[in-house]
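> Starting off with a structure, shown below.
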Amino acid sequence: MKTKIVLWGKTEKDEKVLVAIELIENENIVRTITIDEKDATEVFYNLMLNEWREGKEVDFPPSAKKYDKLLTVSEDILPDGLSVERPDLIIRAKTEWHFVVLSKKLYDMYSSELEDIKEKLKGLSDYDNEIWEELKGFWDKVQAQIREKSLFRNHIESLKVKTDEAFKLIKELKKRGEKELKEESSKNFVQFTEILNNIEEKVKGGLGLHPIFEELKEIQQKFRETDFSRDHRKALWDRIDKVFKDVKEKRFGNKASEKSPITRMQRRYDGLLEAIDKMEKSIERDKKEMATPDQGGSFSFGQLEQEIRKVKLSMVEERMRSKQEKLDDMLKTKDMLESKMKSESDRAEKQKQFEHAKKEAEEKIARDIRDRNEQLGQNEDELKKAAEKISESKTDSEKKEKKGILQKLAEKAEELIEEGKEQAEDALITMKAVAEVVKDKVEDKMDGMEDKLEDLKEKASDIADIIEDKVEETVDRVKDKIEELLDRDDDKEDKEPEAEEKKD
């Protein structure tokens with residue numbers, strides 16, 4: 001972008017003059033030089049075009065007059081009363097030169113900031129991560145201005161060279177610090193390895209777990225305060241974590257290490273809320289930065305603060321946009337987790353209801369079986385009474401014969417009773433198995449669980465009723481058979497006296 005213009009113009013007296021206009025960036029001034037037509041020879045004109053415009057020194061004739069004017073957005077850059085043949089060039093130069101001045105001031109600000117960082121680096125004897133981050137943040141700002149094309153190429157190259165020098169200095173400190181850290185880390189790694197070996201031996205030896213657990217907490221705290229390289233820190237942390245889990249498992253059992261899905265989601269949800277809060281506060285800080293009015297200690301700096309506000313605001317807006325996108329993603333994740341947590345909570349509640357209903361079903365089956373066993377016991381008593389009645393026969397031979405029949409019938413009845421009891425017990429076991437199957441099937445899909453449990457109860461009752469009917473039917477047949485024998489015995493006794501009478 002050219003900062004010098006040569007063209008023909010006229011004074012307010014309509015005198016033709018050669019006009020040379022240049023921008024003095026450091027002073028924010030436009031300097032206009034007029035040369036009378038009589039001194040503006042062809043040789044001098046070409047000298048102005050080919051050398052002066054390219055930054056070389058040129059001797060001006062005695063008739064040259066110099067005018068300085070402050071560059072502003074609202075005022076004309078030409079002196080009063082002077083006009084030119086190409087006013088469009090003047091309008092274009094005014095716009096471009098205003099940008100040149102602002103860009104130069106922005107470059108000066110960045111150069112000053114970079115020099116401050118380099119001064120801090122020169123005073124360091126060890127690597128300082130804060131200054132490293134400060135330097136990275138500085139270069140990020142410069143790159144943002146490069147993307148916005150707010151800096152000229154020569155400004156960019158100058159800042160890049162100076163920044164590379166600063167990075168070189170801090171990298172040397174970092175490299176030296178990493179070497180020292182590596183040596184220190186190796187010593188600390190050996191020390192902590194021995195400590196953990198000793199702890200693991202205690203755990204294997206079955207020593208008291210509570211003191212070991214407390215010792216592990218102290219080791220963990222000391223570990224956090226000790227310097228390690230990345231690899232050493234990860235290796236030791238994995239070992240500490242494993243020993244913690246082993247001790248917890250031995251103290252509390254496997255359940256100590258188990259975590260329900262809803263617990264894991266709750267922990268993730270709490271961490272997400274914390275991250276959302278930090279992001280929202282960060283965005284609020286950016287908003288306050290945008291709303292803060294510009295202030296400057298001196299005119300040049302204050303003027304720059306005001307005139308390049310749009311550039312700075314665009315940087316903040318870009319930063320806010322990026323943060324807002326991340327915040328939106330976080331909020332979506334929050335909604336998703338809340339939905340999952342509610343679903344998991346409902347699932348857990350339904351599972352609890354299912355377990356309660358299952359327990360009620362099993363208890364009902366057990367009660368039904370006890371009731372049926374009592375009924376079978378009553379039938380058994382009736383059979384025994386019937387057997388006693390049959391055994392009251394008159395003659396020994398009859399008693400012996402009937403007693404044998406009765407014994408067989410009683411044994412058969414007892415077998416049926418025992419069979420009924422076994423079938424009832426099998427029904428209970430079967431119903432428990434059915435309940436487990438139903439549970440497995442509805443764990444992932446809890447809808448309709450109540451209907452399934454009702455079906456389970458009905459099936460249990462049906463099976464128990466079938467067992468009861470079968471046993472009672474068999475017992476009734478035995479009782480009928482005994483009653484038949486008793487009736488036949490009574491008839492025989494009635495007929496025997498009549499036969500004796502006829503014989504007489």
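> If you take the residues of region 188-205 that are charged (D, E, K, R) and under 16 Å from TRP237 (Cα atoms), which of them is surrounded by the most Cβ atoms within 10 Å (Cβ to Cβ)? It would help to see each step written out before you state the result.
If we filter region 188-205 for residues that are charged (D, E, K, R), which is where we start, we get 194, 200-202, 204.
Then keep just the ones that are under 16 Å from TRP237 (Cα atoms); that gives 194, 200.
Working: GLU194: 10, GLU200: 16.
Ranking the candidates gives GLU200 first.
> Which residue, of ILE77, ILE90, is part of a helix (DSSP H, G or I) and either touching a residue at least 12 places away in the same chain (Cβ under 8 Å) or over 26 Å from ASP108 (Cβ atoms) (or both)? I'd like the intermediate steps shown before the answer.
Working: ILE77 fails: part of a helix (DSSP H, G or I).
The unique qualifying residue is ILE90.
> Out of region 113-138, which residues are in a loop (DSSP other than H, G, I, E, B) and surrounded by 17 or more Cβ atoms within 10 Å (Cβ to Cβ)?
The answer is TYR127, ASP128.
> Now for a separate question. Name every residue in region 29-58 that is part of a loop (DSSP other than H, G, I, E, B) and among the aliphatic types (A, V, I, L, M), in order of residue number.
To start, the set of residues in region 29-58 that are part of a loop (DSSP other than H, G, I, E, B) comprises 37-41, 51, 55-58.
Selection gives ALA40, VAL58.
> Related question: Can you tell me which condition LEU47 does not meet? The list is (1) surrounded by 13 or more Cβ atoms within 10 Å (Cβ to Cβ); (2) farther than 22 Å from ARG86 by Cβ; (3) without any contact (Cβ under 8 Å) to a residue 60 or more places away in the chain, and all the others hold.
Of (1) surrounded by 13 or more Cβ atoms within 10 Å (Cβ to Cβ); (2) farther than 22 Å from ARG86 by Cβ; (3) without any contact (Cβ under 8 Å) to a residue 60 or more places away in the chain, only one is false for LEU47: (2).
> Could you tell me whether GLY137 is at pLDDT below 85 and not assigned by TED's automatic domain parsing to the domain that holds LEU313?
Values: at pLDDT below 85: no; not assigned by TED's automatic domain parsing to the domain that holds LEU313: yes.
In short, no.
Yes/no matrix, rows are residues, columns are (1) assigned to a helix (DSSP H, G or I); (2) aliphatic (A, V, I, L, M); (3) at pLDDT 65 or above; (4) exposed (fewer than 13 other Cβ atoms within 10 Å of the Cβ):
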| site | (1), (2), (3), (4) |
| --- | --- |
| LYS287 | yes, no, yes, yes |
| GLY296 | no, no, no, yes |
| GLU305 | yes, no, no, no |
| MET320 | yes, yes, yes, no |
| GLU325 | yes, no, yes, yes |
| LYS352 | yes, no, yes, yes |
| ALA357 | yes, yes, yes, no |
| GLU362 | yes, no, yes, no |
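> Test SER111 against the criterion of being over 18 Å from THR11 (Cα atoms), in the same structural domain as LEU18 (by TED's automatic domain parsing) and without any contact (Cβ under 8 Å) to a residue 60 or more places away in the chain, and give yes or no.
Working: over 18 Å from THR11 (Cα atoms): yes; in the same structural domain as LEU18 (by TED's automatic domain parsing): no; without any contact (Cβ under 8 Å) to a residue 60 or more places away in the chain: yes.
It is false that SER111 is over 18 Å from THR11 (Cα atoms), in the same structural domain as LEU18 (by TED's automatic domain parsing) and without any contact (Cβ under 8 Å) to a residue 60 or more places away in the chain.
> Here is a further query. Can you name the residue in region 229-273 that is modelled with pLDDT under 80 and over 20 Å from GLY206 (Cβ atoms) and is also surrounded by the most Cβ atoms within 10 Å (Cβ to Cβ) among such residues? Steps first, answer last, please.
First, the residues of region 229-273 that are modelled with pLDDT under 80: 248-264.
Among the residues that remain, those that are also over 20 Å from GLY206 (Cβ atoms) are: 255, 258-264.
On the way: LYS255: 9, GLU258: 10, LYS259: 12, SER260: 10, PRO261: 12, ILE262: 17, THR263: 11, ARG264: 11.
The extreme case among them is ILE262.
> Can you tell me how many residues in region 173-232 are within 30 Å of LYS120 (Cβ to Cβ) and not in a helix (DSSP H, G or I)?
Total meeting the criteria: 4.
> What pairs come out if I take residues in region 211-232 that are under 25 Å from GLU183 (Cβ atoms) and pair them with residues that are small (Gly, Ala, Ser) whose C-beta lies under 6 Å away, six or more apart or interchain?
From region 211-232, the pairs are PHE228/SER185; SER229/SER185; HIS232/SER185.
> State whether one or more residues within region 62-74 are more than 30 Å from LYS162 (Cβ to Cβ), part of a loop (DSSP other than H, G, I, E, B), β-branched (Val, Ile, Thr) and modelled with pLDDT under 85.
Yes, there is a match, as at least one residue in region 62-74 is more than 30 Å from LYS162 (Cβ to Cβ), part of a loop (DSSP other than H, G, I, E, B), β-branched (Val, Ile, Thr) and modelled with pLDDT under 85.
The values are calculated or read from the model by the stated rules, or taken from the named source; none is laboratory data. Computed from a predicted model, the values in this text were never measured in an experiment. All Cβ positions, even for glycine, are placed from backbone atoms using ideal geometry, and neighbour counts span all protein chains on display.
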